[in-house]
Amino acid sequence: MYPPTSQPPLAYPPPSMPAPPPPAPSKDDEKKGWMNWELFIDKTVDFILIFVGLYAATALQRYQDDQKEKEEYVMLLNDFKHELEANRAQHGTIEQDLGPADQHAAGVVLGPMEATFSRFIKDLDADEDLVHCLHRDFAKGKGKGKAPALDPKCKVLYAAFEKEATEHASGKSTSFKFEPATLSPFYRYEVWQLYLANSAKIFQNKELAVKIGEAYNNMHVIEKQVADIEATYNDAFMRQVGRAAATDAELAEIIHDEETDHELSAQDLALLLHIAEAMKEERFGTLEAKSVLELKVRRMKRTVQETNKEIDALVAQVEAEAKKVSKKKD
């Protein structure tokens with residue numbers, strides 16, 4: 001047998017082996033890398049598109065909301081224009097009853113109501129003339145049963161009064177005829193109330209809104225003034241008509257007595273004196289009521305004139321505001 005062959009000792013630790021070179025990328029790996037990169041790009045693009053779409057949808061919704069708000073604002077302005085014009089026309093109803101707003105002089109300030117006062121004063125004058133005739137013809141009669149000489153003018157008054165009394169008894173009398181006045185205008189506040197309740201936030205021109213509010217407040221003032229005039233006229237005249245009717249009834253009784261007695265009794269003479277005093281009070285009461293009414297009507301007409309100017313100016317401003325907003329909308 002051959003002896004064992006000696007071998008050099010092994011180094012410890014053994015020397016490191018060189019790392020094997022990395023394997024070359026395969027075509028499948030390259031394909032997977034490109035797919036991942038494309039997926040990342042797609043996701044990024046999708047995210048951007050979603051963001052852009054959301055922003056566009058929000059912007060579109062905001063634009064639509066703005067357009068809708070502008071349309072509602074224009075509609076509100078047009079409603080105000082129509083309502084202001086309708087309320088402006090209500091002043092015509094006042095002028096039908098009290099005459100033109102620019103007539104303030106005594107004798108014309110009350111308009112058609114002047115005729116009622118004139119007729120009432122004329123009827124009072126006729127009754128006073130009748131009282132004077134009774135004094136002249138019967139206060140110093142020549143004895144019971146003997147007719148005194150009557151003043152021809154007084155005879156006409158007696159006949160006219162008796163005719164009037166007969167017509168009054170049958171309901172055909174026009175003496176002291178009184179028709180209560182209904183003067184209050186009918187203003188429409190629907191649009192203004194709607195604005196105050198719901199639409200104040202969309203009224204962009206706040207200064208214009210304040211002016212409209214002032215105009216509606218003036219309309220309320222006119223309504224109150226007209227209602228006061230109506231109450232004064234109706235109350236004052238109803239009292240005067242009632243007193244005049246009572247006076248006529250007393251005169252009719254006296255005249256009836258004189259047709260048979262031809263002389264004023266002490267009782268009738270005292271009653272006639274009382275009637276004469278009552279007629280003075282009626283005249284002064286009527287003149288006082290007329291003076292008060294003239295002052296109230298004159299004040300109301302000035303308010304109407306100022307409100308008319310405000311409404312006319314407001315209508316023009318509302319139209320301009322509506323046109324300006326419509327142009328922005330377009």
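Read-outs: derived from the displayed coordinates by stated rules, not from any lab. If you're wondering where the values come from, they're calculated on a predicted model, not measured in any experiment. Methodologically, a virtual Cβ is constructed for each residue, glycine included, from the backbone with ideal geometry; neighbour enumeration extends over all protein chains shown.
Some notes on this structure:
- Projecting the Cα atoms of Val325, Leu293, Gly213 onto the charge dipole of segment 211-330, computed from C-beta unit charges around the Cα centre, puts Val325 farthest toward the positive end.
- Between Glu69 and Val292, the modelled labels are 5.4 nm apart [label points 7 Å from Cα along Cα→Cβ].
- Checking the Cα-Cα distances for Lys122/Lys163; Lys224/Lys324; Lys206/Lys301; Lys81/Lys290; Lys211/Lys323; Lys206/Lys324 against a 26 Å cut-off, the pairs over it are Lys224/Lys324; Lys206/Lys301; Lys81/Lys290.
- Residues Arg88, Arg298 arranged by fewest to most Cβ contacts within 10 Å: Arg298, Arg88
- With a Förster radius of 51 Å applied to the C-beta separation of Val108 and Arg136, the computed FRET efficiency comes to 0.85.
- The fewest-to-most ranking of Leu314, Leu269, Leu196 by surrounding Cβ atoms within 10 Å reads Leu196, Leu269, Leu314.
- Residue order, fewest to most surrounding Cβ atoms within 10 angstrom, among Val241, Val109, Val210, Val318: Val210, Val241, Val109, Val318
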